[in-house]
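The values are calculated or read from the model by the stated rules, or taken from the named source; none is laboratory data. Remember, it's a predicted structure, so these values are computed and weren't measured experimentally. Cβ placement follows ideal geometry from the backbone for every residue including glycine, while neighbour counts extend to all protein chains displayed. Note: accessible area is taken over every heavy atom of the protein model, side chains too, but ligands, DNA and RNA are not part of it. Shrake-Rupley method; radii C 1.70, N 1.55, O 1.52, S 1.80 Å.
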Amino acid sequence: MLAATAQRFSPDDPLSGLVVGDLPEPEVPDGWTTVSVRATALNHHDLWSLRGVGLRPEQLPMILGCDAAGVDQDGHDVLVHGVISAPGWRGDETLDPGRSLLSERFPGALAERVAVPKANLVPKPPELTYEQSACLPTAWLTAYRMLFTQSGVQPGGTVLVQGAGGGVATALIALGSAAGFRMWATSRDEGKRARAVELGAADAFETGARLPERVDAVMETVGEATWSHSLKALRPGGTVVVSGATSGPAPSAELNRVFFLGLRVIGSTMGTRRELEQLAAMLVQTGVRPVIDSTYPLAEARAGFERLATGDAFGKIVFST
Ligand SMILES: NC(=O)c1ccc[n+]([C@@H]2O[C@H](COP(=O)([O-])OP(=O)(O)OC[C@H]3O[C@@H](n4cnc5c(N)ncnc54)[C@H](OP(=O)(O)O)[C@@H]3O)[C@@H](O)[C@H]2O)c1
């Protein structure tokens, strides 16, 4: 079957280790099943994998990809919850110390077929296309949990999203504005600021700009480049929810500001299977749909990786099989 794999790591030239080609069918452990992938989405996680973050050399070659929408062995349309729990784990899957994401321990979803635990299958709403559905399990689920489970903000509150163009960021803007939050966004790019407003942001600002007033919560995926601004943007007692650090993981923590203003710093990763079901239901009920920057056949996955690496995309990059 066709699949996109990491064949070797390169921190500086991640695409040099990407190979799109034929691989054997996936092995299916007890309690697992195979999904015929119709669409799969690209995430920054796949670039980290090619850089060697989260994988060991002895795991190579590894099929990349955390997101799949397709058809199960009984012919049902499904989404795949990409958080793989340790056997016997009960409760919030994101808090399982033994959990992994597809493509971290088990082969990923940038392939014509992917093996997954049967418990990870979630019905695909017929209202969403396979391509839209493929955006849900990682970026959109992460955004859903950040906003609705972790931020503590009520409708009417103000939420700042750093880095408006990202897969998670566009999901945050669309979901938050549909839920009645006043969404503000930052971007380095004027065109992306305009598109953020079209998507539902109440306003968009240049990265690092002084805001008209302080916000209830900040959604962070950029890391070092925006962390200081995120802390300064919060009202006393406000919350920064962080799920990524694209520009680097080690900004000054500014602990004086954190304790003096009683700020809350909340880490967040992916979401539960239940949250994925709720996200799918929310999209059906509101008519909100994932923002897709571009779609490529899986055979042309390299072009999608190149686009992600430029940082020019607005929304998700999707592959169809
Ligand atoms: N914990 C989790 O479960 C989870 C899930 C999904 C993603 N993540 C992480 O979250 C991050 C974002 O993921 P994604 O898929 O949304 O990535 P993405 O689509 O590649 O996000 C790109 C956005 O990041 C912003 N950005 C990048 N470098 C920047 C810099 N130096 N200064 C300011 N802004 C910068 C850009 O905003 P502008 O160009 O608009 O300024 C860009 O639009 C990644 O690090 C990813 O690994 C984590």
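Worth pointing out:
- Scanning region 264-290 for residues that are open to solvent by 50 Å² or more (accessible area, probe 1.4 Å) and of a type in the set (Val, Ile, Thr), we see that the one that is nearest to the ligand (Cβ to nearest atom) is THR269.
- Restricting the first member to region 141-169 and to residues that are closer than 15 Å to ILE266 by Cβ and among the hydroxyl-bearing types (Ser, Thr, Tyr), and the second to residues that are part of a helix (DSSP H, G or I) and more than 16 Å from the ligand (Cβ to nearest atom), no beta-carbon pair is closer than 6 Å while six or more apart or on different chains.
- Among residues of region 195-212 that are in contact (Cβ under 8 Å) with a residue 24 or more places away in the chain, those with a Cβ under 6 angstrom from a residue that is open to solvent by 30 Å² or more (accessible area, probe 1.4 Å) and of a type in the set (S, T, N, Q), sequence gap 6+ or separate chain, pair up as GLY200/SER177.
- Count of region 38-62 residues, restricted to those that are among the aliphatic types (A, V, I, L, M) and over 18 Å from the mean Cα position of the chain (by Cα), is 3.
Each row is one residue, and each column tells you yes or no for (1) of a type in the set (Phe, Trp, Tyr); (2) touching a Lys or Arg at 6+ places or on another chain (Cβ under 6 Å); (3) at pLDDT 95 or above; (4) surrounded by fewer than 24 Cβ atoms within 10 Å (Cβ to Cβ).
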| position | (1), (2), (3), (4) |
| --- | --- |
| PRO14 | no, yes, yes, yes |
| VAL19 | no, no, yes, yes |
| THR34 | no, yes, yes, yes |
| ASP46 | no, no, yes, no |
| LEU55 | no, no, yes, yes |
| PRO61 | no, no, yes, yes |
| GLY70 | no, yes, yes, no |
| VAL80 | no, no, yes, no |
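- Scope region 198-228; condition over 22 Å from LEU175 (Cβ atoms) and within 11 Å of the ligand (Cβ to nearest atom); matching residues: GLU206, GLY208, GLU224, ALA225, TRP227
- Looking only at region 229-263, and only at residues there that are touching a residue at least 40 places away in the same chain (Cβ under 8 Å) and more than 12 Å from the ligand (Cβ to nearest atom), the one that is surrounded by the fewest Cβ atoms within 10 Å (Cβ to Cβ): THR239
- Condition check for GLY65: outside any helix (DSSP H, G or I), within 24 Å of PHE305 (Cβ to Cβ) and in contact with a Leu (Cβ under 8 Å, 6 or more places away or on another chain): yes
- Flag if PRO61 is touching a residue at least 60 places away in the same chain (Cβ under 8 Å) and away from the ligand (no atom under 14 Å from the Cβ): no
- Taking region 1-61 as the region of interest, the strands (runs of 3 or more DSSP E) fully inside it that hold 2 or more residues being out of contact with any Gly (no Cβ under 8 Å at 6 or more places or on another chain) are 18-22, 32-41.
- Residue in region 292-321 that is farthest from the ligand (Cβ to nearest atom), counting only those that are in a strand (DSSP E or B) and open to solvent by 30 Å² or more (accessible area, probe 1.4 Å): PRO297
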